[in-house]
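Asks: Structure incoming, see below.
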């Protein structure tokens, strides 16, 4: 490998929270990130409002809506695995190249503490535990509007490059 000219070292470009959110795949039928408040190599802070008319409340539960745990886990994965992986990939290559990847969820352990009702705003705080060869492991804590811990998880995922045919 050749040394950089003039002794310079490539510095990864700065990526704003809004730019990181914009790297999420277009056309997702469900995205549970309204805003990335903070993002860097070590952590992400994101927010989402569960709207009263979300499709899953009708059946979970008809007499009193409660956000399903699988939806909360998906939100935590989008924060701690997906958007953080896109951010880290873009720092290693470019935003354009990073967007050619799809981030796949691979494992999770979760503890549930509080219910999340319709029309609630959640805040997720993710801490990077490992990033190596496009594999990520994070600890994500999900807080309700009163800043009470509603769930905590350790989740993992991997970035895979889409082929020329989109698969």
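Asks: Using a basic spin-label model with each label point 7 Å from the Cα along Cα→Cβ, how many nm lie between residue 129 and residue 66?
Replies: So the label points at residue 129 and residue 66 sit 2.6 nm apart.
Asks: Here is a further query. With each pseudo-label sitting 7 Å past Cα toward Cβ, what's the residue 29-residue 42 distance in nm, one decimal?
Replies: Each label point lies 7 Å from its Cα, and together they span 3.9 nm.
Asks: How much length is gained if the chain between residue 49 and residue 96 is pulled fully straight, taking 0.36 nm per residue apart and subtracting their Cα-Cα distance, in nm to one decimal?
Replies: Working: separation 47, 0.36 × 47 = 16.92 nm, distance 2.87 nm.
Length gained, residue 49 through residue 96: 14.1 nm.
Asks: While we're here: Quick check: Cα centre of segment 87-118 to Cα centre of segment 28-79, how many Å?
Replies: 13 Å
Asks: Give the whole-number value, in cubic angstrom per residue, of the convex hull volume spanned by the C-alpha atoms of segment 87-164.
Replies: Per-residue hull volume (Cα only) is 124 Å³.
Rule-based calculations on the coordinates, nothing more; no lab input. Just so it is clear, the structure is predicted and the values come from calculations on it, not from any experiment. Quick reminder, even Gly has a Cβ in these numbers, built from the backbone with ideal geometry, and neighbours come from all protein chains shown.
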